Amino acid sequence: MSELSLSSFSAELERLVATTAPAVVSVHSHRSRASGFIWRKGLVVTADEALAEEGEIAVVLPGGATKKATLVGRDPSTNVALLRVEGADAVPARLDTGAVKPGALALAIGAREGETLVSLGIVSLAGPKWRSLRGGEIDARIELGLSLGRAAEGGLVVDASGRAIGMAVFGPRRRVLVIPSATIERVAPRLETHGHVARGYLGLGLQPVRLDDGGVGAIVMNVDRDGPGAAAGLAQGDVIAAWDGRPIESVSALRRALGPESVGSKAVLSLKRAGASTQATITVGERPRH
């Protein structure tokens, strides 16, 4: 690559950062420093896992002005938290929900004490939607080949055309993942309206058990007397062998399937009770907030 081409490439990167940085902020919570971005006027999205469970929250705007923030809501299952910040009046980030392709250049843009942090790399993986370990539906599996500082978690990820494709977070073994724009645009409005994202609830304590045919079932260890399981007539010792005719893959997979869309839905459970086969219809409730 010629010196002129390198200079042009560098200048284009600088332009992308300068265009994006005004929407990116620093987020301070108890013993935690992260990044976030202005989603709507007065509202900042950040990474839930980077936000302390309690204590005061402050946001440092570009230029260094510090503003008190209040928590609007958080969804650990998708790693999205929403803050209200009076004075965060910069032009909000324009999230783009278009497809992302592997090999594309990616810039992760965060902030520290009002100064911009930037990492350059590529999209190393762009796959289909998936469920997080906490059961949240993530609209695409996007992994980045770049090094990200802890303070930049929660910042914006843009491609070479300036599209804001999502939020940078850490996955297992410090792998850098992207919470896609489509996920943020689905979750943040729910947080703004309700303060949380509803999760399905069965009111059952379940443990895996091996079935006679070699498959996996879920044995009921305890029943919330006010929960959906009790209302459906389930009892301690019942073994759930299938859900709407589909075998149980694992207890963890069953729990992950209880996403927001499951609340209010009905399912037919195939049960083993005292050696006999029976069925019960359960209506999935909303997980209580503690």
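See the values below:
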quantity	calculated
ARG186 modelled with pLDDT of 95 or more, assigned by TED's automatic domain parsing to the domain that holds ARG74 and in contact with a Gly (Cβ under 9 Å, 6 or more places away or on another chain)	no
Flag for ILE179 being within 22 Å of the chain's Cα centre (by Cα) and part of a strand (DSSP E or B)	yes
All positions within the stretch 15-50 that are within 10 Å of ALA69 (Cβ to Cβ), without any contact (Cβ under 8 Å) to a residue 60 or more places away in the chain and touching a Leu at 6+ places or on another chain (Cβ under 8 Å)	SER29, VAL44
Candidate set: the stretch 67-92, residues that are surrounded by 15 or more Cβ atoms within 10 Å (Cβ to Cβ) and over 18 Å from the mean Cα position of the chain (by Cα); chosen: the one nearest to GLU53 (Cα to Cα)	ALA69
Listing of strands (runs of 3 or more DSSP E) fully contained in the stretch 95-165 that carry 2 or more residues being more than 13 Å from THR183 (Cβ to Cβ) and among the hydroxyl-bearing types (Ser, Thr, Tyr)	115-127
Matching residues in the stretch 51-90 - criterion: being assigned to a strand (DSSP E or B), in contact (Cβ under 8 Å) with a residue 40 or more places away in the chain and more than 21 Å from ILE184 (Cα to Cα)	VAL60
Single condition ALA280 does not satisfy, out of (1) assigned to a strand (DSSP E or B); (2) of a type in the set (Gly, Ala, Ser); (3) under 30 Å from the mean Cα position of the chain (by Cα)	(3)
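The values are calculated or read from the model by the stated rules, or taken from the named source; none is laboratory data. Not measured: the values here are computed from a predicted model. Heads up, the Cβs are rebuilt from the backbone with ideal geometry, glycines too, and the neighbour counts pull from every protein chain shown.
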